[in-house]
Amino acid sequence: MVPSLPAGGFAGVTASSRRPLGTERAGDGALHLTWGRLLSEDWAMRISDVLRAKGQQVVTVSPDTVVSQLLAVLAEHGIGAVVVSREGVTVDGIVSERDIVRALAKRGAAILSEPVSAIHTADVVTVTPEASLEDVERLMTTRRFRHVPVVVNGALSGLVSIGDVVKERIDELETERSTLAGYITGERV
Ligand code: AMP
């Protein structure tokens, strides 16, 4: 038996919709999906879910690290940005490949021997572990950056990249898709 869809069909399912889907039997015995639960904020994936999977370690450099050393750190760890921090706890800035490229284009190779503080972004946007994945995705898109440090009570507790967000969202959508397919084909009730 094919479960009935809500009046708005799938259009009513926003990006914040979350598993698990529930089902209930109507008086006539028909199976209905319980969309209310799907739309509940309670099921939103959070940054804490991402950190649970990837860990909380963050590569940091001090503000006086020279840019050539920064290049070595980025290459060694295979990453695109590091948090700038004097003692590895507070966030004093963030510096990404993009800052290096811009500074090189503007001022040439001389920047390689300058401190990171000369090219970093000091006004850092951070999030807490409770932030929803969807909100952080939107934040990265509208502000046009690909990295967001996670901070708890002023202390650095993780870093999320656009790659982490996209991976988590793909996993999430795949689970949602297979759950829905299971209900529709009758393999799940
Ligand atoms: P990205 O896309 O992360 O490589 O960064 C693009 C630009 O945004 C660079 O100038 C970074 O220093 C800056 N940036 C990266 N992440 C953040 C952040 N969370 N808050 C503020 N600026 C950032």
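Here are the numbers:
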{"item": "Val160 vs. criteria outside any helix (DSSP H, G or I) and over 19 Å from Arg52 (Cβ atoms)", "result": "no"}
{"item": "Odd one out for Thr179 among (1) away from the ligand (no atom under 14 Å from the Cβ); (2) touching a helix residue (DSSP H, G or I) at 6+ places or on another chain (Cβ under 7 Å)", "result": "(2)"}
{"item": "Pairs with Cβ under 8 Å, 6+ apart, first in the stretch 149-165 and without any contact (Cβ under 8 Å) to a residue 40 or more places away in the chain, second of a type in the set (S, T, N, Q)", "result": "Val152/Thr128"}
{"item": "All strands (runs of 3 or more DSSP E) inside the stretch 1-101 with 2 or more residues being of a type in the set (D, E, K, R) and either under 30 Å from Thr121 (Cβ atoms) or modelled with pLDDT of 55 or more (or both)", "result": "22-25"}
{"item": "Failed criterion for Glu97 (all others in (1) away from the ligand (no atom under 14 Å from the Cβ); (2) under 19 Å from Val61 (Cα atoms) hold)", "result": "(1)"}
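The values are calculated or read from the model by the stated rules, or taken from the named source; none is laboratory data. If you're wondering where the values come from, they're calculated on a predicted model, not measured in any experiment. All Cβ positions, even for glycine, are placed from backbone atoms using ideal geometry, and neighbour counts span all protein chains on display.
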